[in-house]
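Asks: The structure under discussion is supplied below as structure tokens; questions concerning it will follow.
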Amino acid sequence: MSEKMMSFELNEEMVKPILEKQIQTAILANIGNPEELISKVVSLALKQKVNVNGAKSNYDYENKYDYLDVITGKAIREAAQTGLTEWLSENTQLVKAKVIEEMNKPERRDSLVKSFADAVENALGCHWNFSCNIDFKKQD
């Protein structure tokens, strides 16, 4: 009885695209509705707990803020700083006048004079150190 041997070879370049397509189809079938999946992923990403700087810390106790809260707070502070800087540049004279008005109040004048006198007293205080080095040299 003779056994017939049969050889069946497949070219990898032919099989690879077919397998990739089958894997992609299986993944998409298990994903379900793509919009729902993306919605869940975005929701989880924005609710992820991060540190005060908006970064995921290696230490869990630092991750106590929602990412969305941190970046929203940062954006609000930046907008407030920009707005205040613009307002101050437009109203510099008004701010200057109000500062002078505040400094001319009797109770404020007394505190300014006291602060100035204390600063002068501290600057004129006598602080000195004496240092003396004695070296002995052997004579020939």
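The values are calculated or read from the model by the stated rules, or taken from the named source; none is laboratory data. The model shown is predicted, which means the values in this text are computed figures rather than measured ones. A quick note on method: Cβ atoms are made from the backbone with ideal geometry, for glycine too, and the neighbour counts reach across all protein chains shown.
Asks: Can you say whether V42 is β-branched (V, I, T), free of Cβ contacts under 8 Å to residues at least 12 places away in the same chain, surrounded by 10 or more Cβ atoms within 10 Å (Cβ to Cβ) and within 30 Å of R109 (Cβ to Cβ), as far as the supplied structure shows?
Replies: no
Asks: Another question, if that's okay. Given the conditions (1) surrounded by 10 or more Cβ atoms within 10 Å (Cβ to Cβ); (2) modelled with pLDDT under 80, and given that A55 satisfies all but one, which numbered condition is not satisfied?
Replies: Checking A55 against (1) surrounded by 10 or more Cβ atoms within 10 Å (Cβ to Cβ); (2) modelled with pLDDT under 80, the one that fails is (2).
Asks: May I pose another question? Mind counting the residues in the range 53-100 that are assigned to a helix (DSSP H, G or I) and in contact with a helix residue (DSSP H, G or I) (Cβ under 7 Å, 6 or more places away or on another chain)?
Replies: 4
Asks: Of all residues in the range 26-39, which are surrounded by 10 or more Cβ atoms within 10 Å (Cβ to Cβ) and of a type outside the set (D, E)?
Replies: Residues satisfying the conditions are A26, L28, I31, L37, I38, S39.
Asks: Quick check, is K74 surrounded by 12 or more Cβ atoms within 10 Å (Cβ to Cβ) and under 27 Å from V95 (Cα atoms)?
Replies: The answer is yes for K74.
Asks: Please count how many residues of the range 105-140 are part of a loop (DSSP other than H, G, I, E, B) and surrounded by 10 or more Cβ atoms within 10 Å (Cβ to Cβ).
Replies: Matching residues across the range 105-140 total 1.
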